[in-house]
Amino acid sequence: MATMKPGERKLQILQTLATMLEQPKGEKITTAALAARLEVSEAALYRHFASKAQMFEGLIEFIESTVFGLINKITEQQENGLSQVQATIIMLLNFAERNPGMTRVMIGDALVNEDERLQTRMNQFIDRIELAIKQSLRVAATQGQASEAEVTVRANLITSLVLGHWHRFAKTGFKQNPSAHASAQIAMLLA
């Protein structure tokens, strides 16, 4: 067996966990099943992660850094507030579509019966997304493209739309793509 560079096994564990989360039936993932998939002992998993919760934290860190990195890039590249909102929504839906296992983490399905702090962290993730959308809508309001009075309500509605698409994607066994009909819905929300 080839030796792995430092950090490679940890990444392999997280990638395998994400792949296992892509199974539409969504059974609870055990460390025994994860170890079997990797063809290692459970003890080998615990050499890299102190707990299963820490493995999920690794996935959450990937989700957060990717999503907020992309949101920052969108706001830097787009001066128009409504264009920022539209690009953010599309990015969030496409991220879910490309990462079905991560979608189950984002909506909390994969975190049921896990450490409560993981769900709290994902709730904060959703709050930060809504805040980013609010900031873009405020930019749109200063540009005369949106009403300042509607910023909070509209940001909440947009966030709910994104969450709804994520839930539907996961609950249909990843058959109903999150981006289906998104353009028309975005146009209605931003009109």
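The values are calculated or read from the model by the stated rules, or taken from the named source; none is laboratory data. Keep in mind the model is a prediction, meaning the values are calculated, not measured. Note that we place each Cβ from the backbone using ideal geometry, even for glycine, and neighbour counts take in every protein chain shown. Quick note on the areas: whole protein, heavy atoms, side chains included, nothing else; ligands and nucleic acids left out. Shrake-Rupley method; radii C 1.70, N 1.55, O 1.52, S 1.80 Å.
Just a few scattered comments:
- Qualifying positions in region 83-135 - in contact (Cβ under 8 Å) with a residue 60 or more places away in the chain, part of a helix (DSSP H, G or I) and among the polar types (S, T, N, Q): Q86, N94, T103, Q135
- Flag if F49 is surrounded by 17 or more Cβ atoms within 10 Å (Cβ to Cβ), within 23 Å of R168 (Cα to Cα) and touching a residue at least 12 places away in the same chain (Cβ under 8 Å): no
- G81 being of a type outside the set (A, V, I, L, M), modelled with pLDDT under 95 and open to solvent by less than 30 Å² (accessible area, probe 1.4 Å): no
- Checked against the criteria, A180 does not count as open to solvent by less than 20 Å² (accessible area, probe 1.4 Å), modelled with pLDDT under 95 and either part of a helix (DSSP H, G or I) or out of contact with any Lys or Arg (no Cβ under 6 Å at 6 or more places or on another chain) (or both).
- Being open to solvent by 70 Å² or more (accessible area, probe 1.4 Å) and under 21 Å from T120 (Cα atoms) is a property that holds for S65.
- Scanning region 146-173 for residues that are farther than 20 Å from M102 by Cβ, not in a helix (DSSP H, G or I) and not hydroxyl-bearing (S, T, Y) yields one hit, A146.
- Taking (1) out of contact with any Gly (no Cβ under 7 Å at 6 or more places or on another chain); (2) farther than 25 Å from P24 by Cα; (3) open to solvent by 20 Å² or more (accessible area, probe 1.4 Å) in turn, V139 satisfies each apart from (1).
- Residues of region 104-113 include none that is among the basic types (K, R) and within 25 Å of A187 (Cβ to Cβ).
- Answer from K73, K25, K10 - the residue that is open to solvent by 40 Å² or more (accessible area, probe 1.4 Å) and in a loop (DSSP other than H, G, I, E, B): K25
- Beta carbons closer than 9 Å, at least 6 apart along the sequence or on distinct chains, pair a first residue in region 60-74 that is touching a residue at least 12 places away in the same chain (Cβ under 8 Å) and among the charged types (D, E, K, R) with a second that is surrounded by 15 or more Cβ atoms within 10 Å (Cβ to Cβ) and assigned to a helix (DSSP H, G or I) for E64/R121; E64/F125.
- Pairing residues of region 136-160 that are among the hydrophobic types (A, V, I, L, M, F, W, C) with residues that are open to solvent by less than 80 Å² (accessible area, probe 1.4 Å) and at pLDDT below 95, at Cβ distances under 6 Å and at least 6 apart in sequence or on separate chains, gives L137/A146; A140/A146; I158/L189.
- Subset of region 95-135 [under 23 Å from T152 (Cα atoms), of a type outside the set (F, W, Y) and surrounded by 15 or more Cβ atoms within 10 Å (Cβ to Cβ)]: M106, I107, R121, M122, I126, I129, E130, A132, I133, K134, Q135
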